[in-house]
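Notes to accompany the following structure.
The values are calculated or read from the model by the stated rules, or taken from the named source; none is laboratory data. Given the structure is predicted, the values throughout are model-derived calculations rather than measurements. All Cβ positions, even for glycine, are placed from backbone atoms using ideal geometry, and neighbour counts span all protein chains on display.
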Amino acid sequence: MASTLDELIEALRCLPGVGPKSAQRMAYHLLQRDRKGAVRLQRSIDEAITRLKPCSRCNNFSEHEVCDRCASPTRDPSQLCILEMPADLAVMEQSHAYKGLYYVLMGRISPLDGIGPRELRLDKLLERATDGLVEEVILATNFTNEGEATAHYVGEMLRARGLRVSRIARGVPVGGELEHTDIGTLAQALLERRGL
């Protein structure tokens, strides 16, 4: 039978990138130095689990049926950006370069992990994208094998419904130097070059 401390350490290991040693350090820190922080963490997790649910429009976490972003009259409803995870949406918003609406897949197609179109509930995405308001779908999945497969599958599915589909560009980062850019990124930047 595991002790209470062992249970806490094991529970902390569910966090991404947290191994046994890190989980042990976190547990000891919370118990020895920051019991108030531990109580606050417990309350925050309880509140999040109880109050947050998927937005009926974008599938991102929300306290309401429709999140504030989807309900905003300042967003462009003719553009729908497809992302893998909520963290991707947060980064996209920080860029201040996109004013349309979003749909968060909450994952990506990954047959090795048993995740296919059904697990991602792409039927819900299809319903959202074909609501009569969306004119362009922007695929902003990651440039991993799984992200590319997801973009291809979703793109074909939406093109078949008559929607205009685009993919975010990739290439040399702003401020990047060619000598420090990996060969794959440089090759892709050359292939996807555009006129001035």
Quick check on this structure: which one of LEU196, LEU126 is surrounded by 13 or more Cβ atoms within 10 Å (Cβ to Cβ) and among the aliphatic types (A, V, I, L, M)?
LEU126
Checking GLU146 against (1) outside the structural domain of LEU105 (by TED's automatic domain parsing); (2) in contact with a strand residue (DSSP E or B) (Cβ under 9 Å, 6 or more places away or on another chain), only one condition comes out false. Which one?
(1)
Going through the range 165-193 one residue at a time, which ones are surrounded by 13 or more Cβ atoms within 10 Å (Cβ to Cβ) and touching a residue at least 12 places away in the same chain (Cβ under 8 Å)?
VAL165, SER166, ARG167, ILE168, ARG170, GLY171, VAL172, THR185, LEU186, GLN188, ALA189
Report, by residue number, each residue of the range 165-181 that is of a type outside the set (Val, Ile, Thr) and within 25 Å of SER110 (Cα to Cα).
SER166, ARG167, ALA169, ARG170, GLY171
Across (1) of a type outside the set (Phe, Trp, Tyr); (2) without any contact (Cβ under 8 Å) to a residue 60 or more places away in the chain; (3) closer than 28 Å to ILE109 by Cα; (4) surrounded by 10 or more Cβ atoms within 10 Å (Cβ to Cβ), GLY162 clears everything bar (4)
Going through HIS29, HIS96 one at a time, which residue ends up being of a type outside the set (S, T, N, Q) and modelled with pLDDT of 95 or more?
HIS29
Taking the range 120-147, which residues are within 15 Å of the chain's Cα centre (by Cα), of a type outside the set (S, T, N, Q) and assigned to a loop (DSSP other than H, G, I, E, B)?
LEU120, ARG121, ALA140, PHE143
Selection within the range 153-180 - in a loop (DSSP other than H, G, I, E, B) and of a type in the set (Gly, Ala, Ser)
ALA160, GLY162, ALA169, GLY171, GLY175, GLY176
Would you mention how many residues in the range 50-61 are out of contact with any helix residue (DSSP H, G or I) (no Cβ under 8 Å at 6 or more places or on another chain) and surrounded by 16 or more Cβ atoms within 10 Å (Cβ to Cβ)?
1
I'd like the residue in the range 73-93 that is surrounded by 15 or more Cβ atoms within 10 Å (Cβ to Cβ) and in a strand (DSSP E or B) and, out of all such residues, is nearest to the chain's Cα centre (by Cα).
LEU83
Consider THR150 carefully, then state whether it is surrounded by 13 or more Cβ atoms within 10 Å (Cβ to Cβ) and in a helix (DSSP H, G or I).
yes
Lone qualifier among ALA27, ALA38, ALA23 - being over 23 Å from the mean Cα position of the chain (by Cα), assigned to a helix (DSSP H, G or I) and either free of Cβ contacts under 8 Å to residues at least 12 places away in the same chain or in the same structural domain as ASP131 (by TED's automatic domain parsing) (or both)
ALA38
